[in-house]
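Here is the structure we will look at.
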2 protein chains.
Amino acid sequence: MTVPLPAGVSLEDMTAALEKFRRIAGDEWVLTGPDAGPYDDPYPITDPETDHRPYAAVAPATTAQVQEIVKVANEHGIPLWPVSRGKNFAYGGAAPVLTGTVVLDLKRLNRILEVNEEFGYALVEPGVSYFDLYDYIQEKGLKLWLDVPDPGWGSVVGNALDHGIGYTPYGDHFAMQCGMEVVLPTGDIVRTGMGAMPGNNSWQLFKYGFGPYVDGMFSQSNFGIVTKMGIWLMPEPPYYEPYMISFEREEDIEQVIEILRPLKVGSIIQNAATVRSLILDASITSTKAQYYDGAGPLPPSAARKIMDDQKLGMWNFCGALYGPPPVAETLWTVIRDSFAAVPGVKFYKVDDRPQGFDLLRHRADTMRGIPKMTEFNLCNWTGGGGHTGFSPVSPITGRDAVKQYEMVKKRMHEYGYDYMGLLAIGWREMHHVSLIVYDQNDADERKKVDELFNILIDEAAAEGYGEYRTHINFMDRIAGTYSWNNNALWRMHETIKDALDPNGILAPGKSGIWPQNRRG
Amino acid sequence: MTVPLPAGVSLEDMTAALEKFRRIAGDEWVLTGPDAGPYDDPYPITDPETDHRPYAAVAPATTAQVQEIVKVANEHGIPLWPVSRGKNFAYGGAAPVLTGTVVLDLKRLNRILEVNEEFGYALVEPGVSYFDLYDYIQEKGLKLWLDVPDPGWGSVVGNALDHGIGYTPYGDHFAMQCGMEVVLPTGDIVRTGMGAMPGNNSWQLFKYGFGPYVDGMFSQSNFGIVTKMGIWLMPEPPYYEPYMISFEREEDIEQVIEILRPLKVGSIIQNAATVRSLILDASITSTKAQYYDGAGPLPPSAARKIMDDQKLGMWNFCGALYGPPPVAETLWTVIRDSFAAVPGVKFYKVDDRPQGFDLLRHRADTMRGIPKMTEFNLCNWTGGGGHTGFSPVSPITGRDAVKQYEMVKKRMHEYGYDYMGLLAIGWREMHHVSLIVYDQNDADERKKVDELFNILIDEAAAEGYGEYRTHINFMDRIAGTYSWNNNALWRMHETIKDALDPNGILAPGKSGIWPQNRRG
């Protein structure tokens, strides 16, 4: 099916704009029709023929080309959907909210501009992947570690901008961001923080500069296109030791989270640690068919067998120790003693785990910032490969963990899915990410996922739980749950949007923010 | 002298607005004429009769009153200068940039809305001082520590919004901020982060919420009035030990900073630590007249005598160890071994220091978050009491430390002032704060300070050093040094300013941001 033009855009304007894009970026970097297929949502939830479909894609190579493209888009009223690398497949990949939008693919802006070992930072363009940056650091032999999300093919910039999280002490990626260059929707270009001072020497060292600290405005937003970003990197610690602690019973999650909170708030647990449910962990190391060939959720007997086969608990907590060995030792003593209170708890270091492909052996790499693609194994749990994440934020309490677990599990089972959840423990909050793994080629399955997801959003919001990011399909609905004082925050976002993007060309609908010409 | 009205404001409008402010806040909470004297700059740099003078002040008691006042200000075009408590005396106190502005004093919004021991946070209004919050925590016996700047009478909210720093591991105050309520210049009111979700349970736990992360926009800005703010507090550590390391020679600063960088970047030094110059430290514990009664900077012989008398070095580094004792012990070993390389270095714990009033005994309180007013002793160094800080940011390198020290010291001496500087070592950057202590009642001295300060700004900018905050008198000039791409960042600030504050009523000139009706 031909992708329809966005409302208000004529074929003449689109054709003229694409022609100009070709002159700017080069013929081969403007893709339309079937050639633009890779920019479709890899795991659609609604109708893949009509919804969230890009009209075309353009991939410039430089910031100057980005500026020129933005100017042309203003001239012709063409909506642009910038993606750093577009690899966040669970949340829509490179696909736009609004069908007919032109994807602005920044993958060719892939320069690693600086990696500074002395201060521990990198300055990169949005096309740089975790693999790229990791390889660069290894080649130069620098004593710096990355903090990586699960799949390493994503953009360092894009992940931080989307408030992504990882597994080392630098796990809050946006907190580690320092200094940006941003092309504004009008084509003007700003540098934030110390970067606004010509000849400055601390753009990647000090975030705030002078005056308003605006970097956060460009995260999860459609207020500008980030073309350079600084990210702090962790100096290689003198010692590193990963560990895994497993818990036998479903109901242990309450006690586990109560033990975790003070350890995390008190900085005894140093890294961005996660507690994962059995099936989520098992989906990395095995497939459902190995244990169960029926319909609906995995029965308890099969779960038991997985636990025995793979030395996994009903919940598994992976963490790591970093620092001078006596520090690591001391922290481990406190951590071990704290969790010893849970009946049936099991403690593992890497040598205690089964040989071969094993969960802790895999996470031992992740928790030291080695990018991998292993996590994608979960796509094979039931076949099909489609997956999306439901990701509400909550306080770190046992009560909240149990409540959320029960709410989500009940609905997942009702719709025939396994509960595959993780609790990522941050500075003060817990991200509860539940994966729905489904067959995106089956229209009935898609309909089910859509229905289920909307129920989950509403039920969570009714209890005060809000999502921290989401698939392009649910942005409006989730924005709608952040509605305090008659949607005051989104009304403010709209005011800023209209001021910075008067023609409404940048990413209409991103995070539920629509420009004036497309509202209502 | 009568304070002139701001350009474009008629006496009728001002009178009508003040009358309405009285009805809103109560007669006794609107001050004019000599009664508004406490809102003048306590340490003026230019003419105190004409510059930076408030026309009046209004002190509402509630957020609803703030909203009403803002609406009246819009109606009558009255510029408002919000201050939390207005106690940052070195940078202008409560005084506005623009003469004739009405100060909006938030001191009566002084409720401590919540202190949560389990999660380590407080939710406070802007009128809450460090003393207030400290006393509250002590009364309730909560095991939480504050992070305080030097004088404890200031606002917890105001300090964080101005990117203030303290002395514990929570020393970057804005980094510890979580969730805001903001009255916008139009009178609308937003809650940021999770606060935008009705019935949410993690407003003070998770910063980002969903969509753009906008809190930073309201720091050092005139985009809104923060009426509630969350701040993370440190759980009382199991062990705490302060220390002081002193260095004998001026030139040691280069080696000291080179040693500090990897310790700080590698998280061996846990707190926001400072290296201070001899005279700055001595100004807390003594007066200049005790050692020297001539004109101009203190001679080396007198400096030597201070060092001997007070067991101080030419540079003194105060830090502290926090955590389980074996962790503290290990970190201390690494720190001590690292600094042992500096010839003549001396290490002190509290018991090694002179009895009575002593620098480390004083800092031992500060580094565990006990608010005090001791630092104001420095006002007495030369009498008069006026002081302001020149505060450029730089990389943490010995070369930058020496270069800045020499640049500033040369100019200070040239103008007859002592060099009184500190190097505050943050995550990746160094704040070099040099105090100019002068007699604010002497017109010639004020003229000298103004001249000197402008030279310092320009010379620093020429070397790529930019200030992180400043006295109201220098905001335009410093904003002007952040001029990359034809002042693109400030042009963007203006675009946002005009959208959020179409009548230009909020804090004209704050951080060099002027509304449309007062630009050019």
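The values are calculated or read from the model by the stated rules, or taken from the named source; none is laboratory data. Quantities reported herein were computed from a predicted structural model and do not represent experimental measurements. Positions of Cβ are generated from backbone atoms using ideal geometry, with glycine treated the same way; all protein chains shown enter the neighbour counts. The area values use the complete protein model at the heavy-atom level, side chains included, leaving out ligands, DNA and RNA. Shrake-Rupley method; radii C 1.70, N 1.55, O 1.52, S 1.80 Å.
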*Beyond 41 Å, what percent of the Cα pairs of the protein assembly as shown remain?*
41
*May I ask which residue of chain A has the beta-carbon nearest to the axis carrying chain A onto chain B, and at what distance in whole Å?*
A:499, 2
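Excluding ligands, DNA and RNA, what is the solvent-accessible area per residue of chain B at a probe of 1.4 Å, expressed in Å²?
So chain B comes to 32 Å² accessible per residue, rounded to a whole number.
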*For the protein assembly as shown, calculated [θ]222 nm from helices alone, where every DSSP H run of n ≥ 4 adds -39500 (n - 2.57)*: -10000 deg cm²/dmol
*Output the pairs from A:264/A:305; A:71/A:372; A:448/B:228; A:288/A:372; B:87/B:288 with a Cα-Cα distance over 30 Å in this structure; if there are none, say none.*
A:264/A:305; A:71/A:372; A:448/B:228
*Output the relative contact order of the stretch A:311-394, whole-number percent, from Cα pairs under 8 angstrom with separation of 6+ residues.*
21
_Over chain B, equivalent-ellipsoid semi-axes from the Cα gyration tensor in Å_ = 38, 28, 21
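Taking each residue of A:508-520 in turn, how many C-beta atoms of other protein chains fall within 10 Å of its C-beta, and what is the average?
1
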*Other chains' Cβ within 10 Å of B:459-470 residues: what's the mean?*
4
*Calculated FRET value between residue A:308 and residue A:454, using beta carbons and R₀ = 41 Å, to 0.05*: 0.65
*With all protein chains present and a 1.4 Å probe, how do B:131, B:174 order by accessible area, largest first?*
B:131, B:174
*Area projected by the alpha carbon convex hull of the stretch B:1-135, averaged over all directions, nm²*: 9.0
*asked:* If exposed means no more than 14 neighbouring beta carbons inside 10 Å and the site is in a DSSP loop, what's the longest run of chain A without any exposed trypsin sites (Lys or Arg not before Pro)?
replied: A:250-518
*Kindly identify residues of the stretch A:128-171 having a loss of at least 10 Å² in accessible area between the isolated chain and the assembly of all protein chains, probe radius 1.4 Å.*
A:163, A:170
*Go ahead and run the numbers for FRET between residue B:75 and residue A:485, Cβ-Cβ distance against an R0 of 25 Å, rounding to 0.05.*
0.70
*Grab every C-alpha pair in the stretch B:386-447, bin the distances at 5 angstrom width from 0 up to the longest one, and report whole percents.*
4, 18, 27, 22, 13, 9, 5, 2
_Please give the Cα centre distance for the stretch A:213-268 versus the stretch B:4-51, rounded to the nearest Å._
48
*Leaving ligands, DNA and RNA out of it, work out the accessible area of residue A:334 with a 1.4 Å probe and give it in Å² to the nearest 10.*
50
_At 1.567 mPa s and 4 °C, Stokes diffusion of the stretch A:399-520 via Kirkwood alpha-carbon radius, µm² per second_ = 80
*Across peptide A:391-402, what mean number of C-beta atoms from other chains lies inside 10 Å of a residue's C-beta?*
3
*What does a probe at residue A:117 reach in the stretch A:298-336, counting residues whose amide N is under 19 Å from the point 7 Å along Cα→Cβ?*
none
*Which whole-number percentage describes the relative contact order of the stretch B:11-108, with Cα contacts under 8 Å and a sequence gap of 6 or more?*
35
*What distance in nm separates the simple spin-label points at residue B:301 and residue A:49, each placed 7 Å from Cα in the Cβ direction?*
9.8
_Please report Rg (one decimal) and Dmax (integer) in Å for the Cα set of the stretch A:240-471._
17.3, 56
*asked:* If I take every Cα pair under 8 Å that is 6 or more residues apart in chain A, average their sequence separation and divide by the length, what percent do I get for the relative contact order?
replied: 17
*asked:* I'd like the carbon and sulfur percentage of the solvent accessible area for the protein assembly as shown, probe radius 1.4 Å, heavy atoms only, ligands and nucleic acids excluded.
replied: 50
_Could you compute how much accessible area chains A and B hide from each other, both sides summed, with a 1.4 Å probe? Nearest 100 Å² is fine._
7400
*By the gyration tensor of its Cα atoms, with a ≥ b ≥ c the square roots of the eigenvalues, what is the shape of the stretch B:78-218: rounded for a/c under 1.5, prolate for a/b over b/c, or oblate?*
oblate
_Let me check something: with ligands and nucleic acids excluded, how do B:241, A:375, B:250 order by accessible area (1.4 Å probe), largest to smallest?_
B:250, B:241, A:375
*Quarter of the Cα convex hull surface for the stretch A:202-360, i.e. its orientation-mean projected area (nm²)*: 14.3
